[in-house]
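Read-outs throughout are calculated quantities, based only on the coordinates presented, and are distinct from any laboratory measurement. Because the structure is a prediction, the values reported are computed rather than measured. Glycine also receives a Cβ, built like all others from the backbone with ideal geometry; neighbour counts cover every protein chain displayed.
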């Protein structure tokens, strides 16, 4: 699967003066710091700068008019057919302004353009993911995720009640369009 860059930056109509764009190598420290402020509560997995750097092409960020990162999201691929939305984080002083939804939409767009058939996420944010078009899924469909969690954190499944969310990214064929 090829790494595809998104168009330069895209303004988010409901987020005045802000834009969503691919992250840059200069953002590595800020992305790690933003993500890791939520890991003690179990809201994100810890992401060292080395992990962020190795996934920099998979990140999308919200920037303010001065270029500062206010929020981020990342795709973490397991295989050419399996990808997870991870590291969704918005600065606490910027939450409640629609950035999380805009970042999820950017991740969905990137996953579609890369040709993944579906996207999944594990989160406490039930309403947010459902409002963005995801539905509840069964984490047991993703043994790769369980194996990866086991390497990162023994207690990841016992921190609160996280749910698995799934979005089918395959194009919908209208009835009768297949010639049948």
Segment 96-127 scanned against label point 7 Å out from residue 136 along Cα→C-beta; backbone N under 13 Å for 126-127
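So for segment 10-168: antiparallel DSSP bridges make up what percent, rounded to the nearest 5? Before the final figure, lay out each step's value.
Details: 27 of 29 bridges.
Antiparallel: roughly 95 percent of the beta bridges in segment 10-168.
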Among segment 83-111, those whose backbone N falls under 14 Å of a label point 7 Å along Cα→Cβ from residue 68 are 91-95
Quick shape check on segment 13-69: root eigenvalues a ≥ b ≥ c of the Cα gyration tensor, a/c under 1.5 is rounded, otherwise prolate if a/b tops b/c, else oblate, and it reads oblate
Full extension between residue 146 and residue 37 adds, at 0.36 nm per residue less the Cα distance, a length in nm of 36.9 nm
Note: probe point = Cα of residue 25 + 7 Å toward Cβ; backbone nitrogen < 18 Å; residues of segment 36-68 passing the test are 49-60
